[in-house]
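**Q** Dumping the structure here so I can ask a few things about it.
The values are calculated or read from the model by the stated rules, or taken from the named source; none is laboratory data. Bear in mind that the values here come from a model prediction, so they are computed numbers and not experimental data. Don't worry about glycine lacking a Cβ; one is built from the backbone with ideal geometry, like all the others, and counts go over all protein chains shown.
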Amino acid sequence: ENGFPVTTPERLDFANYFNATGEPGDPESIKVYHYGNGKIVSLSQNVMSTYVWKHELIMRYGSIWHRPGYSEEDNEAEWWSEYEWYVGEWINWFASALSQAGVQTGISTDLNPMVMNIRYWNPETNVTIFHFINYLYDNTFTDTAVDQVNANFTFALRPELQGKPLRITYYAPDEYPEGLTLDYTAESDGRVRVTIPYLHIWGILKVEEEKPQPSTYQIERSVEWTGSYILDGDVLVSSNLTLKNAVIKTRSFSGAPVKIEVSSGGSLNILNTVIEPYDEESRYYIVVHENGNLRIENSTIREAGLWGPLDYGGVWVESEDTVVLNSKFENCYQYGLFLMEANYTYIRNCAFTGCTEGLMAYWTRLVKIINCTFTGNSIGLYVKHMHYMKVSNCIFEGNTWFGAIVDRSEFTVLEDSEFTSSEWDGLSFWASIFVEVVNCTSHNNGYGYAFRNTPISTVLGSDAYNNLHSGILLRDVNSWGMMPPSALLGCGSITPTVQFGYPANNLPRGDLLPSNVFGGWNGRRTLIVYNKIWNNSEGISVSCSGYFNEEILILNNTIQANGVGVNVNYTSSSIVAGNNFINNTVQVKAFNIDIYFNATNYGNYWSDYAGSGAYEVCDGICDYQPLAEPSIISDVLDTTPPNVLILAWNWVDGWDEDGINDYPDITIRIWDDFPLYVNPQYEIGIVNLVYPALYSLTPEEPGNPFMSYAIGPPEFSDELNNVTIGFTTDFYGYWIPDYLNESTLRDARFEVYASDIYGHWSRNETEPPHITLIGYEAESFHVEVSVFDQSNIANVTLHYSTDGQTYKNISMTYNEAYETYECTVQGINSGTVRFYISATDVYQNYAQTSIYTLGETVEVLVSVEASWNELTEQLTLTVTAECSLCGSITSGEVTYGVYTTSGAPTGLEGSMIYNFSSAKWEAVLNTKTLPINEYKVIVNVTDSLGHSGKGETTFIVQDTLGPIASELNITPNPTNKNPTLTVNITDINLKSNIMAAEFFIDQIRENGAGTPLNPADGNFDSPSEHIEGIIDISELRDSVHTIYVHGMDEHGNWGEFSQQTFIVDKTAPLVGEPIQTPPPDNVQPFVNVTISVNVTDLESGVKNVTLYYSVNGGEFTAKPMQLNTTTGLYEATIDGYEAETTITYMIVAYDNAGNKAQQDNAENYFVYTIIPEFPSIPLALLLMLIPLIITFFLKRTKAKTSKS
């Protein structure tokens, strides 16, 4: 329960209901019990395991939705087929089992099944919240989620909300970070239906009773509130609000919490003030957005926060340069203070008590927490993805579970701090790297200091005692996957186009942040030195959970009076030497280790060693040089890391011709205040080689873009704290793919990480310092700043001027206790003082602040004009700025940002250019990404002397232009039947859905009076619709007609008409009498016959004419007739046939509207018969004469014979 064993009798009884057993399909694998007013459904572990396994399989098929070469419909059908195959049967079984048990679901939706929803209920405020998480993810083609759009979601209301008017708000970080109010429909079964407009990865639906909303107090000019206030509405700070010597009591109105919100460009100063709820029913929270400003000093924030989205939890800060001094955060709902990308935050002398998490930070760089106390929280301090944090002189006492957690972070140092009385860890590190615990104390916790998956870490000069389990826990401490190159830390200069499949300017957050050492050797040590560890169950525990531990150095510690001094298993390449093992019940327990209990020439002191020779540590493992007397464990004075500089580098030609085996030769200088040499000697640091070309390889062929190599100091050096090292390596000679060429190889970059002998780590870097002004005083002109840098600071200088022209310089003094630089200038009693601060680090990287003014109020008046062009979707900004001291501002920096009216950034921001012709600052913005809404523009002006001011104005992105009708088509055309009309209606800026379309025939009337048209998909629900309709021509005469079509958007704007003519022709063609050549009574055998006919159509024209003829009563043969342009007749020829063949024919004509005319001689057809070659009577006579002729010739023959 909440991560801990269930112990109370009531909860144990409840847990007994979850007792189903067996495989899927077994009746015992699902059990349903009555419980209170509801039911408990118990599923067996095997059933759930089967579902999880199949669910993981179907998750891999998200890429189906984006397969190239397939239609959207095909991809969707394929995915559902896979879903049914893997999960559908299981879901059907589960639904059937629930139905048989009488369990009715209160939710139905057409969101994809891979979208999970989780329902929460807050009984204090009667609010239901649904979280939607979209697991339908395409890992192959687009590397993004498959968006859900306009999905129905129907749910049952709790009794507390039934019968009441509702306010339903939908939040999505991509589209609706401030929330979108949804319309809802009450269904006949009492449930409520809404449409989820858009879901990418995560969305929240909030359902509550509709109540009057509180007022919003707009702070648009500098205001100071003092005294007592009852704040009964939201406060939106877009200018400067100072709460000074005030008591602010926030009173909820209709149960709605009070929000104090600082928008971009706004500033909130809380000085000597208490903010707390008015009564037990009231809630409030504070949000400071990016580019806002927050300063809290000598104040108390009490009971801030409430249940809901994360930024409701207390004081949420997204702005840089936040300063919190001498203040208290008491009993806040989730957290006292949350730093969300709030870089360069300075917190001093503050108390966090009674919160779930006292102080939280996520994805934040360069933070200092000094002299603070964390008491009575569930977790005192919780940071994740923190880069460079210093926690100094803090007390973590009585925090229930953890004193402090550092998760997935790097270069964090906790020093001179105490951790006590937490059930789990006093100080806990998870999956982090380059972390240090220096001069700290951890006692009476579960574990004193815990390092889980956190190599390259240091525990130095610290105490751990009276902890229930271990003084120091190391678990899975190895360097697999644990070297973040600087580009991934967000602080380097390496900017490949793509990194791990992500654009360089959009690196993944959360658990996707990679940090790999791959193929490196040594130099990645975990160092435990100069500590005192006593009276714990185990002094030092080194264990694993299926992996291993490596390169752990336990040196020069006193380990005394523990149950087990050191308990270590599955550990290699490690050293335990110079330690005092005194009176531990068991000095060392070990299993499966490769550890040396000696350094070069010494071992450890063992209180139970009384002989000579080797000391058997355990099971055949010996200390061959045990110490006769305890080591003297002295304090370590060195608290700063060494300095690292790449002096020079060049490429060296390799042994081949293609350049693949070229390698870099790097010269590195490392120097420190203390010696860099120690016995036992270990590597001094790491060279990390980053190869951008390998970032761009595909997921199917991944490339690791970096390798790391250990570097050691020279064998001899004249200066033990200042060494120069020559480093060479074959780099990717054996690793890079063959197709990478010499030029891509030489795009590599080099980073050097170095440590001194005490485990203080640093790296070469080129980023300049960042200076945050902590405060200044007019009486004695005292200035205090915090300088944030990833390396050591060389100097910090105050530059000040009393005349505005000549500046004097004075070095600022480092205050070690406060981690700040201070300076007091004497002798300035009155007048105006201008000053700025500069800082230089040891690598000569330089930075300076803007100019501040003391003693005189300088006001900069900023006038902003915004003109939005709907047609081009461009916003033209013009700005004039006037400084009360310097006059018109024509140089300096002028920046703009576009925000929603609630202050959420839209992403439109940039710089303006001064136009001397118009005497104005100008910018033109493309606003195509902005949805219809009212927006405000905030302009910040800083002149060359550092005087600053801001102005703002509003503009409206609206839709007043009607949609465009295009691709109008009427088919068929010409027509003799009702034709189909198709047209595309598209909103001109794609910002509004199309809501109607209509057409007129021949005459346009008023908008809305035409014949309505409907979308092809049946719904008007998008900015572009394909429209279809039928034109009724029953009342239209044969003629040419004109169709006029236009559409209307959801804002009632009718667009311009698109028009097209079409022909109505319901009359068949006119076919004349055919002309036959030769005529029917004189067709000789085998003579072709030509048929000619006059065919006309006045409206649509003749489309075709066809001659159909039959031979001797057989089937008709069709023969197209061709138009003779000379005669104007259609002609076709019938081939000649033998005598007495009978030909029957007719003529069929169609016009272009499809009307048919048939000339068939009143269904008698046209007929001719081919005449014989001789007439029939003469032939009969000839036949009669043949015998006479034969007789005649015979007689003649006989006569000739007798004469001869």
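**Q** If you go through segment 89-101, how many residues are touching a residue at least 60 places away in the same chain (Cβ under 8 Å) and small (G, A, S)?
**A** Count: 2.
**Q** Right, next: Please find, within segment 924-982, the residue that is nearest to R834 (Cα to Cα) out of those that are among the aliphatic types (A, V, I, L, M) and touching a Pro at 6+ places or on another chain (Cβ under 9 Å). Break it down into steps so the answer makes sense when it comes.
**A** Taking segment 924-982 first, the residues among the aliphatic types (A, V, I, L, M) are 924-925, 930, 932, 937-939, 941, 945, 956-957, 961, 964-965, 968, 970, 981.
Among the residues that remain, those that are also touching a Pro at 6+ places or on another chain (Cβ under 9 Å) are: 957, 970.
Working: V957: 42, I970: 76 Å.
Among those that are among the aliphatic types (A, V, I, L, M) and touching a Pro at 6+ places or on another chain (Cβ under 9 Å), it is V957.
**Q** Report yes if some residue within segment 1069-1090 is under 30 Å from N984 (Cα atoms), in contact (Cβ under 8 Å) with a residue 24 or more places away in the chain and in a loop (DSSP other than H, G, I, E, B); otherwise report no.
**A** Taking segment 1069-1090 and keeping what is under 30 Å from N984 (Cα atoms), we get none.
So far as segment 1069-1090 goes, no, none of its residues is under 30 Å from N984 (Cα atoms), in contact (Cβ under 8 Å) with a residue 24 or more places away in the chain and in a loop (DSSP other than H, G, I, E, B).
**Q** Taking segment 253-273 only, how many residues are surrounded by fewer than 18 Cβ atoms within 10 Å (Cβ to Cβ) and closer than 18 Å to C350 by Cβ?
**A** Number satisfying all stated conditions: 1.
**Q** State whether the residues of segment 350-361 include one that is within 24 Å of the chain's Cα centre (by Cα) and of a type outside the set (F, W, Y). Walk me through it before giving the result.
**A** Within segment 350-361, the subset within 24 Å of the chain's Cα centre (by Cα) is 360-361.
Add one more test, that the residue is of a type outside the set (F, W, Y), and what stays is 360-361.
Checking segment 350-361: at least one residue is within 24 Å of the chain's Cα centre (by Cα) and of a type outside the set (F, W, Y).
**Q** Could you count how many residues in segment 831-849 are of a type in the set (S, T, N, Q), under 36 Å from the mean Cα position of the chain (by Cα) and either more than 28 Å from C886 (Cα to Cα) or loosely packed, with under 15 Cβ neighbours inside 10 Å (or both)?
**A** So in segment 831-849, the residues of a type in the set (S, T, N, Q) come out as 832, 838, 840, 844-845, 848-849.
Those still in the list that are under 36 Å from the mean Cα position of the chain (by Cα) too: 845, 848-849.
Still in the list and also either more than 28 Å from C886 (Cα to Cα) or loosely packed, with under 15 Cβ neighbours inside 10 Å (or both): 845.
Residues that pass the stated criteria total 1.
**Q** Go through segment 983-1013 residue by residue and tally those that are more than 36 Å from the chain's Cα centre (by Cα) and surrounded by 17 or more Cβ atoms within 10 Å (Cβ to Cβ).
**A** Pass one, segment 983-1013, residues more than 36 Å from the chain's Cα centre (by Cα): 983, 997-1013.
The next check asks that each one be surrounded by 17 or more Cβ atoms within 10 Å (Cβ to Cβ); those that pass are 983, 997-1001, 1010, 1013.
The number of residues fulfilling the criteria is 8.
**Q** Name, by its number, the condition in (1) modelled with pLDDT of 90 or more; (2) farther than 30 Å from A1068 by Cα; (3) of a type in the set (S, T, N, Q) that does not hold for S1176.
**A** Condition (1) is where S1176 drops out.
**Q** Quick one: R348 ticks every box in (1) touching a Leu at 6+ places or on another chain (Cβ under 6 Å); (2) buried (at least 24 other Cβ atoms within 10 Å of the Cβ) except a single one, so which number is it?
**A** Status for R348: all satisfied but (2).
**Q** In addition: Which of the residues spanning segment 123-136 are surrounded by 14 or more Cβ atoms within 10 Å (Cβ to Cβ) and either under 26 Å from P1023 (Cα atoms) or not hydroxyl-bearing (S, T, Y) (or both)?
**A** At the first step, the residues of segment 123-136 found to be surrounded by 14 or more Cβ atoms within 10 Å (Cβ to Cβ) are 125-136.
N126, V127, I129, F130, H131, F132, I133, N134, L136, listed by residue number.
**Q** Residues in segment 932-946: is at least one part of a strand (DSSP E or B) and among the small types (G, A, S)? Step through it out loud before you land on a result.
**A** If we filter segment 932-946 for residues that are part of a strand (DSSP E or B), which is where we start, we get 933-942.
If we keep only those that are among the small types (G, A, S) too, we end up with none.
No - not one qualifying residue is present in segment 932-946.
**Q** Okay, moving on. Filter segment 305-354 for residues that are of a type in the set (F, W, Y) and farther than 16 Å from I379 by Cβ; which is modelled with the lowest pLDDT? Let's see the steps before the verdict.
**A** To start, the set of residues in segment 305-354 that are of a type in the set (F, W, Y) comprises 307, 312, 316, 329, 333, 335, 338, 344, 346, 352.
Going one step further and asking which of them are farther than 16 Å from I379 by Cβ, we end up with 307, 312, 316, 344, 346.
Numbers: W307: 78, Y312: 88, W316: 96, Y344: 97, Y346: 98.
So the residue we want is W307.
**Q** Filter segment 879-903 down to the residues that are surrounded by fewer than 17 Cβ atoms within 10 Å (Cβ to Cβ) and either touching a helix residue (DSSP H, G or I) at 6+ places or on another chain (Cβ under 7 Å) or over 29 Å from D803 (Cα atoms) (or both), then identify the one that is modelled with the highest pLDDT.
**A** T901
**Q** Next up: Residues to consider are E865, E909, E873; find the one that is outside the structural domain of Y176 (by TED's automatic domain parsing) and on the phi > 0 side of the Ramachandran plot. Give the steps one after another, and end with the answer.
**A** Details: E865 fails: on the phi > 0 side of the Ramachandran plot; E909 fails: on the phi > 0 side of the Ramachandran plot.
Answer to the check: E873.
**Q** Output the number of residues of segment 1-33 satisfying the condition of being modelled with pLDDT of 80 or more and aliphatic (A, V, I, L, M).
**A** 4
**Q** Where residues in segment 901-953 are in contact with a Cys (Cβ under 7 Å, 6 or more places away or on another chain) and of a type outside the set (D, E), which of them is nearest to H1051 (Cα to Cα)? Break it down into steps so the answer makes sense when it comes.
**A** Filtering segment 901-953 for residues in contact with a Cys (Cβ under 7 Å, 6 or more places away or on another chain) gives 943, 945, 947.
Filter once more, keeping what is of a type outside the set (D, E): 945, 947.
Numbers: L945: 49, H947: 45 Å.
Per the stated criteria, the residue is H947.
**Q** Turning to a different aspect of this structure: Just to be sure, is F731 at pLDDT below 90, assigned to a strand (DSSP E or B) and among the hydrophobic types (A, V, I, L, M, F, W, C)? Let's see the steps before the verdict.
**A** Details: at pLDDT below 90: yes; assigned to a strand (DSSP E or B): no; among the hydrophobic types (A, V, I, L, M, F, W, C): yes.
When the stated conditions are applied, F731 does not pass them.
**Q** So, in segment 412-434, how many residues would count as being hydrophobic (A, V, I, L, M, F, W, C), at pLDDT below 95 and buried (at least 23 other Cβ atoms within 10 Å of the Cβ)?
**A** The total comes to 2.
**Q** Out of segment 610-656, which residues are among the charged types (D, E, K, R) and buried (at least 17 other Cβ atoms within 10 Å of the Cβ)?
**A** Going through segment 610-656, the residues among the charged types (D, E, K, R) turn out to be 616, 619, 623, 629, 635, 638, 653, 656.
Answer for segment 610-656, where residues must be among the charged types (D, E, K, R) and buried (at least 17 other Cβ atoms within 10 Å of the Cβ): D623, D638.
**Q** Restricting to segment 385-411, name every residue that is surrounded by fewer than 24 Cβ atoms within 10 Å (Cβ to Cβ) and in a loop (DSSP other than H, G, I, E, B).
**A** N393, G398, T400, W401, R408 - these are the residues of segment 385-411 that are surrounded by fewer than 24 Cβ atoms within 10 Å (Cβ to Cβ) and in a loop (DSSP other than H, G, I, E, B).
**Q** Now, a different point. Return the total of residues in segment 805-855 being over 23 Å from V367 (Cβ atoms) and assigned to a loop (DSSP other than H, G, I, E, B).
**A** 14
**Q** Can you report the number of residues in segment 579-602 which are in contact with a Gly (Cβ under 8 Å, 6 or more places away or on another chain) and surrounded by 18 or more Cβ atoms within 10 Å (Cβ to Cβ)? Quick ask: steps written out before the conclusion?
**A** Pass one, segment 579-602, residues in contact with a Gly (Cβ under 8 Å, 6 or more places away or on another chain): 581, 584-588, 597, 599, 602.
Within this subset, residues satisfying the condition of being surrounded by 18 or more Cβ atoms within 10 Å (Cβ to Cβ) are 581, 584, 587-588, 597, 599.
Final tally of qualifying residues: 6.
**Q** Something else: Say we look at segment 81-122 and pick out the residues that are in contact with a strand residue (DSSP E or B) (Cβ under 8 Å, 6 or more places away or on another chain) and of a type in the set (V, I, T); which of these is surrounded by the most Cβ atoms within 10 Å (Cβ to Cβ)?
**A** Among those that are in contact with a strand residue (DSSP E or B) (Cβ under 8 Å, 6 or more places away or on another chain) and of a type in the set (V, I, T), it is V115.
**Q** Out of all the residues in segment 95-103, is one or more more than 27 Å from R193 (Cβ to Cβ) and in contact with a helix residue (DSSP H, G or I) (Cβ under 9 Å, 6 or more places away or on another chain)?
**A** No, segment 95-103 has no match at all.
**Q** All but one of (1) of a type in the set (A, V, I, L, M, F, W, C); (2) in contact with a strand residue (DSSP E or B) (Cβ under 8 Å, 6 or more places away or on another chain); (3) modelled with pLDDT under 90 hold for L1098; state the number of the condition that does not hold.
**A** In the conditions (1) of a type in the set (A, V, I, L, M, F, W, C); (2) in contact with a strand residue (DSSP E or B) (Cβ under 8 Å, 6 or more places away or on another chain); (3) modelled with pLDDT under 90, L1098 misses (2) alone.
**Q** Out of (1) buried (at least 24 other Cβ atoms within 10 Å of the Cβ); (2) at pLDDT 95 or above; (3) more than 19 Å from G358 (Cβ to Cβ), what's the single condition that is false for P455?
**A** It is condition (2) that P455 fails.
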